[in-house]
Amino acid sequence: MELRIHFTADDLARTTVATRPDDMWELVNSLHILQSPRPPSEYGPWLRHVRTRFTERDLRSLVRYVTALVPYRGAFPDFLTPPGADGFGASLDLIRATPAARLRDELAVHFGRRTPPPWARPLADGDRHARQELQDALTTYHRELLAPQLPLIGETFHLERAQHSRDILAGGVERLLHTLPPSIRWRSPTLVADYPRDRDLHLRGRGITLIPSFFCTKCPVTLIDPDLPPVLVYPVTGRPLPDTEPDGLTDLLGRTRALVLQALTPPCSTGELAVRTGVSIGTASKHASVLRRAGLVTSTRRGCMVLHALTPLGRALADPHRTPSAPDGDHTPH
């Protein structure tokens, strides 16, 4: 099944990439991961954090509340992901200001024939106390379960956005649309994406905002209402773990450090290294520092990021079958 997004020339001219991670899209997508029976391995560090917080605080009622609005499968109300918000606080303000008629309509569609929880009816009626309960639940979830992941979310997002910028400079918006994740294909003038059901979205000259998301997996996501400002939320491009266990390196360095060494081909930032190996930013930074002191890795600051690369010795260890080449200096133009 496919989502088909139909572009005109005006839509191509008005296609943009979000300037920062969207907090509410990350929140709802993280709820899908939290409820998944088989979550992808790269979310292991975050899920361990979630389990720790569950042992420290009773968050069960909170999770029941938010998962009633955002189930593992199926749609969730559009009002939870207001477009154009600049940060989590601004998103909460827009959610709180949602007209009662829209709340009523979207919640009715969401619950359908199911019996809604007790708080749903007052929320649908725009009750002030019910709105505050919703805001408190979202705030607590964000603070307790998402906040530690925000640095990694931010760095992976900005790496993705930087690559999109290079794509646009090299070949315009159509080049960018050709380089989105494999679940999205550009067949001019239509962007086709894997989707839970067949659907057509006509942009009608409004353009679209592309939103890379750390917690989005496989299929991209968009809003239900076609009259809302169009967005497409899709997975950031992470690199998978190596296909095989680095047995020899594991004996020498330990499993995680061996994976870190192998993951540094090609060079990457600390945040991308964390994504490639499925560890936290702090853990990736620590292992990169150890490897750097051992002469296997170099680290160079580039603006707000640190870029890590293998030294010749590091490359030889990471790929012992690699044919030796001339020293790096021989490739430097004079």
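The values are calculated or read from the model by the stated rules, or taken from the named source; none is laboratory data. Everything numeric here is computed off the predicted structure, so don't read it as measured data. Positions of Cβ are generated from backbone atoms using ideal geometry, with glycine treated the same way; all protein chains shown enter the neighbour counts.
Points worth noting:
- Number of the condition not met by Asp136 [criteria: (1) part of a helix (DSSP H, G or I); (2) closer than 19 Å to Asp225 by Cβ]: (2)
One line per residue, one yes/no per condition, for (1) among the charged types (D, E, K, R); (2) touching a helix residue (DSSP H, G or I) at 6+ places or on another chain (Cβ under 6 Å); (3) in a helix (DSSP H, G or I); (4) outside the structural domain of Lys218 (by TED's automatic domain parsing):
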| position | (1), (2), (3), (4) |
| --- | --- |
| Asp10 | yes, no, yes, no |
| Ile33 | no, yes, yes, yes |
| Thr52 | no, no, yes, yes |
| Leu62 | no, yes, yes, yes |
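- Among the candidates Leu176, Leu191, Leu152, Leu146, the residue that is within 26 Å of Ala75 (Cβ to Cβ), assigned to a helix (DSSP H, G or I) and either assigned by TED's automatic domain parsing to the domain that holds Pro229 or touching a helix residue (DSSP H, G or I) at 6+ places or on another chain (Cβ under 8 Å) (or both) is uniquely Leu146.
- Hits in segment 274-312 - residues which are aliphatic (A, V, I, L, M), in a loop (DSSP other than H, G, I, E, B) and at pLDDT 90 or above: Ala294, Leu296
- Flag if Asp127 is closer than 21 Å to Ala97 by Cα, at pLDDT 85 or above and of a type in the set (D, E, K, R): yes
- Just so you know, in segment 108-123 the residues that are part of a helix (DSSP H, G or I) and more than 30 Å from the chain's Cα centre (by Cα) include one that is nearest to Ala75 (Cα to Cα), and it is Arg121.
Conditions (1) closer than 29 Å to Gln163 by Cβ; (2) modelled with pLDDT under 95, marked per residue:
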{"residue": "Thr15", "(1), (2)": "yes, no"}
{"residue": "Leu27", "(1), (2)": "yes, no"}
{"residue": "Ser36", "(1), (2)": "yes, yes"}
{"residue": "Tyr43", "(1), (2)": "yes, yes"}
{"residue": "Leu47", "(1), (2)": "yes, yes"}
{"residue": "Arg60", "(1), (2)": "no, yes"}
{"residue": "Ala100", "(1), (2)": "no, yes"}
{"residue": "Arg113", "(1), (2)": "no, yes"}
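Conditions (1) under 23 Å from Arg51 (Cα atoms); (2) of a type in the set (Phe, Trp, Tyr), marked per residue:
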| site | (1), (2) |
| --- | --- |
| Pro116 | no, no |
| Ala124 | no, no |
| Tyr141 | yes, yes |
| Leu150 | yes, no |
| Gln163 | no, no |
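- When residues in segment 78-134 are screened for being within 15 Å of Asp22 (Cβ to Cβ), surrounded by 15 or more Cβ atoms within 10 Å (Cβ to Cβ) and in contact (Cβ under 8 Å) with a residue 40 or more places away in the chain, 10 of them pass.
- For first residues located in segment 237-260 and more than 30 Å from His178 (Cβ to Cβ), partners that are modelled with pLDDT of 70 or more and hydroxyl-bearing (Ser, Thr, Tyr) and lie 6+ apart or on another chain with Cβ distances below 8 Å form the pairs Thr256/Thr277; Thr256/Thr283; Ala258/Thr250; Leu259/Thr277; Val260/Thr277.
- Answer from Pro240, Pro212, Pro226 - the residue that is in a loop (DSSP other than H, G, I, E, B), of a type outside the set (A, V, I, L, M), within 24 Å of the chain's Cα centre (by Cα) and at pLDDT 90 or above: Pro226
Okay, residues lined up against (1) among the small types (Gly, Ala, Ser); (2) under 19 Å from the mean Cα position of the chain (by Cα); (3) over 28 Å from Arg175 (Cα atoms):
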{"position": "His6", "(1), (2), (3)": "no, no, no"}
{"position": "Ala13", "(1), (2), (3)": "yes, no, no"}
{"position": "Thr16", "(1), (2), (3)": "no, yes, no"}
{"position": "Pro21", "(1), (2), (3)": "no, yes, no"}
{"position": "His32", "(1), (2), (3)": "no, yes, yes"}
{"position": "Arg38", "(1), (2), (3)": "no, yes, yes"}
{"position": "Arg57", "(1), (2), (3)": "no, no, yes"}
{"position": "Ser61", "(1), (2), (3)": "yes, no, yes"}
{"position": "Phe79", "(1), (2), (3)": "no, no, yes"}
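- Candidates Thr81, Thr52: the one that is within 25 Å of Val233 (Cα to Cα) and of a type in the set (Ser, Thr, Tyr) is Thr81.
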